[in-house]
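Report on one structure; see the data block that follows.
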Amino acid sequence: FSRCNRGCRIFGVSVPFACPCSLLPMPVPSAEFKRALKRLSDKEKEALLLRAARRDAELYDTLCFELLPDVSVETVFEQASDQIHELFAVGATGRLLNRSLTKALQKATKEVARARRITKDKRLEIDLNLYTLRHIFDNYTGQFESVYAGFYTSTARLAARTAQLVLQNLHEDLWLEY
């Protein structure tokens, strides 16, 4: 057996959404919970928020983005693009370069999704996808001719998804820019 991200046991299943905890809906704060939260003092609220931020790195990054004035969309873009560049620099090595490039591309896609969840900015997602595609086309186009088509297929899916995001989420005036 293996474990999901939350520690649940999964027996012989490789489907990413097969975990029982992924099927549970997100809890909706009840009215009683909201009243109890309002009754807390500022010091207790601060302690509760700091405890939650220590447990979840993504929550910490989201709070930094929303609360700190020096953390903007540009800084999140820079951090995510540095992370993506590092993924390809470190992860794309070894004997099976095509497989390692495919894994690096999967991790880069997860990093783009994480940046999108932090900022809730659709344009940032498109920009990071385009950054990833530019990095691939500048450095790894020789791997498209490989016998193993996993990296080529993943890159083609990312390009198609990026085009779809541009058409769905951006105004018509911005289509030519992208």
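At a glance:
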| quantity | calculated |
| --- | --- |
| Helices (runs of 4 or more DSSP H) wholly inside the range 37-95 containing at least 2 residues that are closer than 30 Å to His135 by Cα and of a type in the set (Gly, Ala, Ser) | 73-91 |
| Pairs, first at positive phi in the range 89-105, second among the polar types (S, T, N, Q), C-beta under 7 Å, six or more apart | Gly94/Ser100 |
| Sole residue being over 27 Å from Glu145 (Cβ atoms) and in contact (Cβ under 8 Å) with a residue 12 or more places away in the chain, chosen from Asp61, Asp56 | Asp61 |
| Any hit, the range 103-115, residues being outside any helix (DSSP H, G or I) and within 29 Å of Tyr60 (Cα to Cα) | no |
| The range 47-103, residues that are open to solvent by less than 60 Å² (accessible area, probe 1.4 Å), of a type in the set (S, T, N, Q) and over 15 Å from the mean Cα position of the chain (by Cα) | Ser72, Thr75, Asn98, Ser100, Thr102 |
| So Thr141, is it among the β-branched types (Val, Ile, Thr), open to solvent by 30 Å² or more (accessible area, probe 1.4 Å) and either at negative phi or in contact with a helix residue (DSSP H, G or I) (Cβ under 7 Å, 6 or more places away or on another chain) (or both) | yes |
| Complete set of residues in the range 117-137 that are surrounded by 19 or more Cβ atoms within 10 Å (Cβ to Cβ) and of a type in the set (A, V, I, L, M) | Ile118, Leu124, Ile126, Leu128, Ile136 |
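The values are calculated or read from the model by the stated rules, or taken from the named source; none is laboratory data. Predicted model, so just to flag it, every value in this text is computed and none were measured. Ideal geometry is used to build each Cβ from the backbone, glycine not excepted, and the neighbour counts take in all protein chains shown. When the accessible area is computed, the model is the full protein with side chains, heavy atoms only, and any ligands, DNA or RNA have been set aside. Shrake-Rupley method; radii C 1.70, N 1.55, O 1.52, S 1.80 Å.
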